[in-house]
Amino acid sequence: MTDQPEYPFDVSETDHLWIEMPDGVRLAARLWRPVTQAPVPAILEYIPYRKTDMVRARDERNHPYFAAHGYACIRVDMRGSGDSEGHMPDMYALAELNDARQVIEWLAAQPWCNGRVGMFGTSWGGTASLQASVNAPAPLKATIAVCATHDRFEDDIHYMGGCILSDTFEWGATLPSILASPPSLNVGPEWKSFWKERIGSLTFPLENWLREEGRGDFWRHGSVIHTADALSVPILSVGGWSDRYSNSVMSLVDARPDLVWGVVGPWGHHYPDHGSPGPAIGFQKLALEWWDHWLKSDQPHTPEWPRLRVWMREFDTPGDSLAQRSGAWVQSGPASQESEPQDWDLSTLKSSDGPAPWSVPADPTVGQTAGDTGYFGRPSGLPLDQTGDDARSLVFETAPLAQDVIIYGSVTLTLRGETGDNPGQIIARLSDVAPDGVAARVSYGVRNLALDENLDRTPSAAKTGEFNADIRLHSTAYRVRKGHSLRLALSSSYWPLIHAKSSALDIQINQASLRLPVLPDAPADLSTPLPTAQDLPVQKRHSTHAPAALTRWTQTKGNCIEMGWHQPLLRTTFAQTETIFSYETSMKHSLDTSDGVEQQTSICHRMVFERPDGIAEVSVALTARTTDDRTTADAGLDVAWNYQPFATRQWRIL
C-alpha cells in the first residue's frame, strides 16, 4: 500500500489458500503479507462469516492496515463455514477450538513468520481469541477480544439471569442461513455438490440452546471466566456499554489484572472505529500499539497502560438512537479495587408500594421501553424513557442527590421474598431520573427465581415458594449528577427483550438491599488520548447501497401488542470478485393476553449472492412461542439457485 506515507510496507494479497487440519479437513483463508524478505509476526482472525463476501469489506479495514505495518495477516473461515470444509454442529464445538490451535501452529511454522502469533476478532472471533488464550499454544503471544463473551450462559445472546433472550431466536435463524450459503468457486468445480452436502448435514443449534435452560457443562464449555487461572497470554479486552457483552471487560480485568487490559466505549456491538453511539476510536492504531509491544520483542516488558480506559457516561435524554454519548474518557485500575461498596436498605427509600412487604406486579407488558440488547450492532434500538415501564413496576427512588455519585462496576441487588407455584423471574432496572422526571436506564439485570445462586436448575426451590436471590446488574461507569435521582424498578417481565414464562401472581418482596460500587473520588482523565477513528481503507474496493433505513413500529390490537422492525435489503458490491452480497431482516414480536399469556417472535433473515456464475438466495423463517408451560419453535430453510429451488430444511422444537 503506497497511498499513505505512514505505511512502511507495500502489501501482497492472496485471496484464497488452504490450511489442512490433522484429520484432512481443509480450512479456507485469505492472506495479506508485507513485501519483505524478513520473517514477520502473524495475526489471525478466525470466524465463520465468509471471507469471500459477507465480511469482506470489514476484513479490508483491518488486515491490510496491519500488514502494511509489518505483519502477516490471515482471515480463516471456521470449519463448516464459507469455503472451509467440514461440518459445524454448534458454536464453539471442540473441533473448532482445536482447529484454532492448529492454525496458530501452522502460522508459526511458515517461512515468512518469525514464530510469533497474535489473534483478534469481534463477537465470535473475539470469543475464539479468549478461548485460544487458555493454556495458549506456545506461538500465541497476545490476543485482542472485541465485544466478546467470557460467560456463555450469563453474558451471551442466549440467556440472561437464566431467562431466554429474544436475541437467541434471531441468531437461531441467522446462523443456519450463514452456514447454508454457497461456497465460492475457490472450492473447485464440484462446489455445488459441496453445497448440497453441507445443507443436508446442517444442524439447528437453537435446539441445544433451548434445551440447556440452566448453567451446566454445555454453557461452561468455552466460557473462559470458569478457567481464568489458565489464561496464559496478555489480552486486550474491548467492549461497549451499549453491547450485550459489556460485562466481559471489567470482569476479566478483575479476574486477571496481571494479564488483561480493558477498554470500554459508549458503542454497541461494533469494532470501535465504527462505534455507535460515539465517540468512536481508532481501533487499528490501538491494536497496532498492542501488537508492536507484544509481537515485535523477544522479551516484552509489562507496559504502563492503565488497566481500564472507559467512557464514563452521564445523562442523555433517551432516544431510539444517539450519535454521541455524553461523558468523558477516564482511566483506572481494576474496578473492584477502585470502587467502594455502598449498601442501601431499600426500606429507607421512597417506594411506590409503601412499607415492606412489597409486591412486584404480575404485568406481562413491562419492557416496551427496553430497546435491543445491542448484540447485532443495529443503528437504533437504544433504551427509551423508562417512565412508562416504571409506572407498571415496583419502584424505589432516592431524593434528589446532594452531590454527584459515580457508579463504577457491577451493581448487586439482594432480595428475599415469596412466589406462587410458578417462581417466575425478577427484572431490576436502575435509572438516572432528571429533575423533569425523564428516566434514562443506567443498567439492568435479570434473575430466574427457579435457579440457584449458580444459575443451575433446582426444582426444590420452586416448591417452597421462598427465594433469596442476588441479581447482578450489567457493569457500568456512570456519573449521576447532583440534583438527579436514582430509581430502582422491579418487574416480573421485560417483554420483548425477555421470552419468559409469565407469573400469574404478584411476587412478594420481604427484604431488599442494593449494593452500589461507588468511586469515592472522580477517576483520572486519560494520561494519553485514545487514537481517533480513521476511515479505512483509504482506497475502498467495495460500494454499499441501502435503499431505505431500518424502521421500527408498535401497534395494539385488542389484547395483543405487536412490536417489530425491518432492515431493508442492504447491498454491497465487490468489483474485485464481481460479487454483490445483500441481506435483509425483519422481526416481529407479539404479546397476547386474551387467554393467558403468549409471547411470539417471528424472524426472517434473507441473503442474496450475485456472482458471475449465478445467483443464490438463502432464507430462514423462524417463529418461537412462549407460554406459561414452555417455549416452542418452528423454522424453515429455503435455498434457491438461479431462481430455482435448490434445497429446503424444516425444524421443530417442542
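The values are calculated or read from the model by the stated rules, or taken from the named source; none is laboratory data. No experiment lies behind these values; they were computed from the predicted model shown. Note: ideal-geometry Cβ built from the backbone for every residue, glycine included; neighbour counts use all protein chains shown.
Cβ contacts < 6 Å: first residue over 17 Å from Pro400 (Cα atoms), restricted to the stretch 341-359; second residue in a helix (DSSP H, G or I), any location; separation 6+ or different chain. Result?
From residues that are over 17 Å from Pro400 (Cα atoms), the pairs are Ala356/Ser347.
For Asp595, which of the numbered conditions (1) over 30 Å from Pro364 (Cβ atoms); (2) among the acidic types (Asp, Glu); (3) surrounded by fewer than 13 Cβ atoms within 10 Å (Cβ to Cβ); (4) without any contact (Cβ under 8 Å) to a residue 40 or more places away in the chain fails to hold?
(1)
Among the residues of the stretch 374-382, is any in contact (Cβ under 8 Å) with a residue 12 or more places away in the chain, aromatic (Phe, Trp, Tyr) and under 19 Å from Pro496 (Cβ atoms)?
Yes, the stretch 374-382 has at least one match.
Checking Asp638 against (1) in contact (Cβ under 8 Å) with a residue 40 or more places away in the chain; (2) in contact with a Ser or Thr (Cβ under 7 Å, 6 or more places away or on another chain), which test does it fail?
Among (1) in contact (Cβ under 8 Å) with a residue 40 or more places away in the chain; (2) in contact with a Ser or Thr (Cβ under 7 Å, 6 or more places away or on another chain), the lone unmet condition for Asp638 is (1).
Given the residues Thr623, Thr601, Thr648, which is the only one that is in the same structural domain as His566 (by TED's automatic domain parsing), surrounded by fewer than 17 Cβ atoms within 10 Å (Cβ to Cβ), modelled with pLDDT of 95 or more and polar (S, T, N, Q)?
Working: Thr623 fails: surrounded by fewer than 17 Cβ atoms within 10 Å (Cβ to Cβ); Thr601 fails: surrounded by fewer than 17 Cβ atoms within 10 Å (Cβ to Cβ).
Unique residue meeting the criteria: Thr648.
Could you check, for the stretch 40-51, whether at least one of its residues is at positive phi, part of a loop (DSSP other than H, G, I, E, B) and touching a residue at least 12 places away in the same chain (Cβ under 8 Å)?
Within the stretch 40-51, one or more residues are at positive phi, part of a loop (DSSP other than H, G, I, E, B) and touching a residue at least 12 places away in the same chain (Cβ under 8 Å).
Is it fair to say Arg30 is buried (at least 22 other Cβ atoms within 10 Å of the Cβ) and farther than 25 Å from Leu295 by Cα?
Working: buried (at least 22 other Cβ atoms within 10 Å of the Cβ): yes; farther than 25 Å from Leu295 by Cα: no.
Against the criterion (buried (at least 22 other Cβ atoms within 10 Å of the Cβ) and farther than 25 Å from Leu295 by Cα), Arg30 does not qualify.
Among the candidates Thr579, Thr556, which residue alone is β-branched (Val, Ile, Thr), free of Cβ contacts under 8 Å to residues at least 12 places away in the same chain and touching a strand residue (DSSP E or B) at 6+ places or on another chain (Cβ under 9 Å)?
Result: Thr556 is the single residue among Thr579, Thr556 that is β-branched (Val, Ile, Thr), free of Cβ contacts under 8 Å to residues at least 12 places away in the same chain and touching a strand residue (DSSP E or B) at 6+ places or on another chain (Cβ under 9 Å).
Would you confirm whether or not the stretch 3-15 contains a residue that is loosely packed, with under 13 Cβ neighbours inside 10 Å, modelled with pLDDT under 95 and of a type in the set (Asp, Glu)?
Looking through the stretch 3-15, at least one residue is loosely packed, with under 13 Cβ neighbours inside 10 Å, modelled with pLDDT under 95 and of a type in the set (Asp, Glu).
Can we say Gly70 is more than 25 Å from Glu96 (Cα to Cα) and either assigned to a loop (DSSP other than H, G, I, E, B) or at pLDDT 95 or above (or both)?
Yes: the conditions hold for Gly70.
If you check Ala128, Ala145, which single one turns out to be in contact (Cβ under 8 Å) with a residue 24 or more places away in the chain, surrounded by 20 or more Cβ atoms within 10 Å (Cβ to Cβ), out of contact with any Ser or Thr (no Cβ under 7 Å at 6 or more places or on another chain) and hydrophobic (A, V, I, L, M, F, W, C)?
Ala128
Every residue, every condition in (1) outside any loop (DSSP other than H, G, I, E, B); (2) within 22 Å of Asp628 (Cβ to Cβ), yes or no:
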position	(1), (2)
Glu453	no, no
Tyr478	yes, no
Leu488	yes, no
Pro496	no, yes
